[in-house]
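A.B. asks: The structure's right below; bear with me while I get my questions together.
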Number of protein chains: 2
Amino acid sequence: MQVRKFAVADATFERSPGQDADIFAANMIDQRHGGPITIGFGRYGPNQSLEETLAVHDVMVVIEGRLSVTSDAGTVTAGPGEIVSMPKGEKVTIRAHEQGAVTAYVTYPHWQEAAA
Amino acid sequence: MQVRKFAVADATFERSPGQDADIFAANMIDQRHGGPITIGFGRYGPNQSLEETLAVHDVMVVIEGRLSVTSDAGTVTAGPGEIVSMPKGEKVTIRAHEQGAVTAYVTYPHWQEAAA
C-alpha cells in the first residue's frame, strides 16, 4: 500500500445498505486494498437518518453540515471539524440536520465484511 | 465504550514525540479506553515538518490549512475535508504549508504503544 490522498470529488457514492434514506457511502480504501481499516466519505441528505447497531468501530469526521448521533449515552451533535467516535456494538441513530452532511469515516475492521 | 463527540477546543495538545518542530498531537481516544484505535487531533505550525517511518496505519483528515506528505509514491497535498491515508511501514515527510494545519487522525493500532 502507498500513501494516498482522497477528496470528496473523487468519491463514487452508493446508497448505504439496509436502509432507503438519502444516505450514501463511498469507500476509498477497504478490504480490496489489503489493509486493516476502511476509509471513505459519507453523504447525508437534509433531515435523513439511519438506525444501526455497529458491527465495527466507526469514526466520523464531519466535513460539511451537521449530524446528531443518539445512543444509550444520549445525543451528541457534531459540525465541521468535529469527530464522533462510535464503538462497535453500540446502537445508534444518525440524523443529519436540515443542511445535510458530508463526513469522512474510518472503520476497524472493514464494515463491508462485518455486514456481510 | 460509549458514543462520544470531540472538538478541537476539547483537545490538550502535546508536542509530537521524536521531533522538536511546532507539531502537536492530542489523543482523544487511545489505549486507555480499551478499544483498538486511537483518535485525536493534530496541530502543525506554519511551514513545520516531521519525518517518520510509520509504526501504525495512520489516517489524517485535514480540518484547517494545508499539508503535503512526501513518500516513495511522490507528494500529495491535502486541504480542508481531504483525507490522507498513510499505511504502516511507509516513510513519510509531513509538511504544513504557510498557514499551518489542523487535522483529525485515526491510527490502528495505537500509535503510542507502537512507538514505545
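A.B. asks: Rounded to the nearest 20 debye, what is the charge dipole size of the range A:55-110 about its Cα centre when +1 sits on each Lys and Arg Cβ and -1 on each Asp and Glu Cβ?
C.D. replies: 100
A.B. asks: Measuring from centroid to centroid over Cα atoms, what is the spacing of the range B:42-116 and the range A:36-57 in Å?
C.D. replies: Between the Cα centre of the range B:42-116 and that of the range A:36-57, the gap is 24 Å.
A.B. asks: Turning to a different aspect of this structure: Using protein heavy atoms only (no ligands, DNA or RNA), what is the total accessible area buried between B and A, 1.4 Å probe, nearest 100 Å²?
C.D. replies: For B against A, buried area totals roughly 3100 Å².
A.B. asks: Suppose every Lys and Arg Cβ carries +1 and every Asp and Glu Cβ carries -1, with no other charges. What dipole size does the protein assembly as shown come out with about its Cα centre, to the nearest 20 debye?
C.D. replies: Using Cβ point charges on Lys, Arg, Asp and Glu, the protein assembly as shown gives about 40 debye.
A.B. asks: Using a 1.4 Å probe over the heavy atoms of the protein chains, calculate the carbon and sulfur portion of the accessible area of the protein assembly as shown as a whole percent.
C.D. replies: C and S fraction of accessible area: 43 percent.
A.B. asks: If you don't mind, another one. In percent, what relative contact order does the range A:6-62 have, based on Cα pairs under 8 Å that are 6 or more apart in sequence?
C.D. replies: After rounding, I find 28 percent.
A.B. asks: What does the charge count near B:Y105 come to, summing +1 for each Lys or Arg and -1 for each Asp or Glu among other residues with Cβ under 12 Å from its Cβ?
C.D. replies: -1
A.B. asks: How much accessible area per residue does chain B have, counting only protein heavy atoms and a probe of 1.4 Å, in square angstrom?
C.D. replies: Per residue, chain B has 45 Å² of solvent-accessible surface.
A.B. asks: Sort the range B:37-98 into rounded, prolate or oblate with this rule: let a ≥ b ≥ c be the square roots of the eigenvalues of the Cα gyration tensor; rounded if a/c is under 1.5, and if a/c is not under 1.5, prolate when a/b is larger than b/c, oblate otherwise.
C.D. replies: Oblate is the answer for the range B:37-98, as a/c is 1.5 or above yet b/c matches or exceeds a/b.
A.B. asks: Answer with one residue from A:G79, A:G18, A:S49: the one whose Cα lies farthest towards the positive end of the charge dipole of chain A, charges on Cβ with Lys, Arg +1 and Asp, Glu -1.
C.D. replies: Comparing the listed Cα positions along the dipole, A:G79 ranks first.
A.B. asks: How far is B:T93 from the same spot in each other copy, in nm, shortest first, if each label point sits 7 Å from Cα toward Cβ?
C.D. replies: Spacings between copies for this position, smallest first, are 5.2 nm.
A.B. asks: If you take each beta carbon of peptide B:84-93 and count the beta carbons of other chains within 10 angstrom, what is the mean?
C.D. replies: 4
A.B. asks: So, counting K/R as plus one and D/E as minus one, what does the shell of residues with Cβ under 10 Å around A:I83 add up to?
C.D. replies: Charge balance in the 10 Å sphere: 0.
A.B. asks: A:K88: which lysines have alpha carbons under 20 Å from its alpha carbon, excluding same-chain residues fewer than 8 sequence positions away?
C.D. replies: By straight Cα distance, A:K88 reaches B:K5.
A.B. asks: For chain B, what is the largest minus smallest coordinate of the Cα atoms on each principal axis, given in angstrom and ordered from greatest to least?
C.D. replies: 37, 30, 26
A.B. asks: Let me ask something else. For chain A, calculate the relative contact order in percent as a whole number, restricting contacts to Cα pairs under 8 Å that are 6 or more residues apart.
C.D. replies: After rounding, I find 30 percent.
A.B. asks: With +1 on the Cβ of every Lys and Arg and -1 on the Cβ of every Asp and Glu, and nothing else charged, how large is the dipole of chain A about its Cα centre, in debye rounded to the nearest 20?
C.D. replies: 280
A.B. asks: Based on DSSP H runs of at least 4 residues, each adding -39500 (n - 2.57), what is the mean residue ellipticity at 222 nm of chain B after dividing by all its residues, to the nearest 500 deg cm²/dmol?
C.D. replies: So the calculated ellipticity at 222 nm is -1000 deg cm²/dmol.
A.B. asks: Can you tally the net charge around A:A55? Count Lys and Arg as +1, Asp and Glu as -1, for every other residue whose Cβ sits under 15 Å from the Cβ of A:A55.
C.D. replies: -4
A.B. asks: In addition: Hey, in the GNM for chain A with a 10 angstrom Cα cutoff, which one of A:A96, A:A55, A:A21 fluctuates hardest?
C.D. replies: Its mean-square fluctuation being the largest, the pick is A:A21.
A.B. asks: Which of the residues in the range B:29-43 lose at least 40 Å² of accessible area when you go from the chain alone to all protein chains together (probe 1.4 Å)?
C.D. replies: The answer is B:P36, B:I37, B:I39 - residues whose exposure falls by at least 40 Å² when every protein chain is included.
The values are calculated or read from the model by the stated rules, or taken from the named source; none is laboratory data. Given the structure is predicted, the values throughout are model-derived calculations rather than measurements. Backbone-built Cβ (ideal geometry, glycine too); neighbour counts: all protein chains shown. Just so you know, the surface numbers come from the protein's heavy atoms only, side chains and all, with ligands and any DNA or RNA stripped out. Shrake-Rupley method; radii C 1.70, N 1.55, O 1.52, S 1.80 Å.
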